Structure formats: structure tokens, C-alpha cells
Amino acid sequence: MTQAQTISTRKHAYSPHPIMAGNRETFDRPKDIEASNCTADPNPASDWVSFNYTLPDSEVEGFIKISDVNGKVIKTLTLSGMHGQKVWDTRKTDAGIYFYTFKVNGISKSGKVIISK
């Protein structure tokens with residue numbers, strides 16, 4: 001299978017031929033993978049981080065999980081609506097590197113946020 005035939009996210013993949021996908025979760029609409037988006041600004045941050053997100057046309061809810069470097073989930077933000085913004089108040093959060101995972105309907109995208117004090 002060529003790279004053009006498989007679109008991969010963190011743990012899932014889209015295959016135009018479900019039988020070729022093996023045990024991986026498959027998506028019927030590759031546009032959902034491309035249409036969903038999440039950005040974190042400012043980065044690095046000190047007092048707050050704004051997560052701006054876009055969900056696929058077919059979805060109206062999802063979530064963002066924020067974890068420390070040890071994998072401990074420290075915050076979960078629930079998303080609703082096709083477009084939006086969630087703010088994480090980091091004033092009481094220790095300086096360091098944190099990871100966020102944006103999930104909607106089996107689609108998972110991850111990123112890194114640096115908190116500096």
C-alpha cells in the first residue's frame with residue numbers, strides 16, 4: 001500500500017480497502033482526518049493556553065486531554081460545536097513540557113505545549 005493510500009494518525013489509519021487495514025480502526029471518510037484540527041497558542045505559555053479546534057462536519061463533540069511527561073492526565077477539556085476555543089488556565093501549573101491529545105470519533109492528533117514561568 002502506498003503512502004497516498006494510507007493516511008495515518010497516532011494509532012489509527014484510513015484504508016480505501018477495509019480488508020487491507022488489518023486490525024487497525026478504519027475511517028470511511030478521509031476528509032474527516034484532514035478537516036479536524038487543533039492548535040495551541042501561545043506556545044510556550046505562562047498563564048494560559050488557548051486551544052482552537054475544528055471538528056469534522058459529521059461531529060459536534062470531542063475532547064482534549066492534557067498530560068504531563070509521565071503520561072498522567074492533568075486536564076480534560078470537553079469540546080462541543082464544530083469550531084471553538086477552550087482555554088487552559090496554567091497559572092497553577094508547574095513549568096515543563098505537556099502533551100495534548102485531540103480526539104474526535106476515533107481520530108487522534110497530538111501536540112506539545114511548553115509552560116514557562
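What follows draws every value from the coordinates through simple rules; no lab data is involved. Keep in mind it's a predicted model, so treat the numbers as computed, not measured. Heads up, the Cβs are rebuilt from the backbone with ideal geometry, glycines too, and the neighbour counts pull from every protein chain shown.
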What is the gain in length, in nm to one decimal, between ASN105 and SER50 on full extension, counting 0.36 nm per residue of separation less the C-alpha to C-alpha distance? 17.6 nm
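Taking 0.36 nm per residue of sequence separation and subtracting the Cα-Cα distance, how much length would be gained by fully extending the chain between VAL69 and ILE97, in nm to one decimal? Walk me through the numbers before you get to the answer.
Numbers: separation 28, 0.36 × 28 = 10.08 nm, distance 0.64 nm.
Once the chain is fully extended between VAL69 and ILE97, it gains 9.4 nm.
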Given a cut-off of under 8 Å on Cα pairs at least six residues apart, what relative contact order in percent is computed for segment 36-115? 33 percent
Which semi-axis lengths, in whole Å and largest first, follow from the square roots of five times the eigenvalues of the Cα gyration tensor of segment 36-115? 22, 13, 10
Which order do peptides 55-66, 71-82, 91-102 fall in by mean Cβ count within 10 Å, highest first? 55-66, 91-102, 71-82
